[in-house]
Amino acid sequence: MARRYDPERRQRIIDAAIRVVAAKGIAGLSHRSVAAEADVPLGSTTYHFKTLDELLVAALRQANEGFAKTVAARGALRDPDTDLAADLAALGREWLAGDRTGVEVEYELYLAALRRPALRPVADEWGRDFADLLARRTDPVTARALVALIDGICLQVLLTGAPYDEEYAREMLARVIPRAPCSSDALRGSRGGRAPGT
């Protein structure tokens, strides 16, 4: 019997793996549970993904791409004239709005890297890519601190089930972002005045 051509099968398996993690957690993920969810033969899952780690890497990469699309849709993050803290706080609201199942799955896959070394490079990609984007608006060190803060705020919201407090997030992010010199300091510098203590 000829094998049926099914170019979408690999993607359906990844989507099914994400649904299994959403329903049963990482512990419920197996080639068999994913095959059943995707409605494909068991051999198809092992053909496309020899190990569960390979399947988890693909699922985490897809989750990362979903977040990257959300970030890319916010052109304001690239606009130097916008309030970066406010933009990032609004991004958190968008990400955590409504049903949080998708975000919870993303974090479950992300945190699985603690026990599965194969996932660590992909988990790291998310932070590096986000920091690279933010470094265009600030500096690389601050960008990494902003990613860590956003990550921490979102994780706390998910763990506690608390509502996302956009104003709190904006205030905390603003504390990390270096302030531009105030106009009076700039004016004093342009007139040759010395900064206090010099």
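The values are calculated or read from the model by the stated rules, or taken from the named source; none is laboratory data. Owing to the predicted nature of the structure, the values given are computational and were not obtained by experimental measurement. Virtual Cβ from ideal backbone geometry, glycine too; neighbours counted across all protein chains shown. The accessibility values were calculated without ligands, DNA or RNA, using every heavy atom of the protein model including side chains. Shrake-Rupley method; radii C 1.70, N 1.55, O 1.52, S 1.80 Å.
Numbers for the structure displayed
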read-out	value
Hits in segment 47-67 (condition: of a type in the set (S, T, N, Q) and under 11 Å from the mean Cα position of the chain (by Cα))	Gln62, Asn64
Filter result for the condition that a residue is at pLDDT 90 or above and over 18 Å from Pro80 (Cα atoms), over Leu146, Leu155, Leu134	Leu155
Qualifying positions in segment 66-88 - in a helix (DSSP H, G or I), of a type in the set (D, E, K, R) and exposed (fewer than 13 other Cβ atoms within 10 Å of the Cβ)	Lys69
Residue in segment 35-51 that is least open to solvent (accessible area, probe 1.4 Å), counting only those that are of a type in the set (Val, Ile, Thr) and in a loop (DSSP other than H, G, I, E, B)	Val40
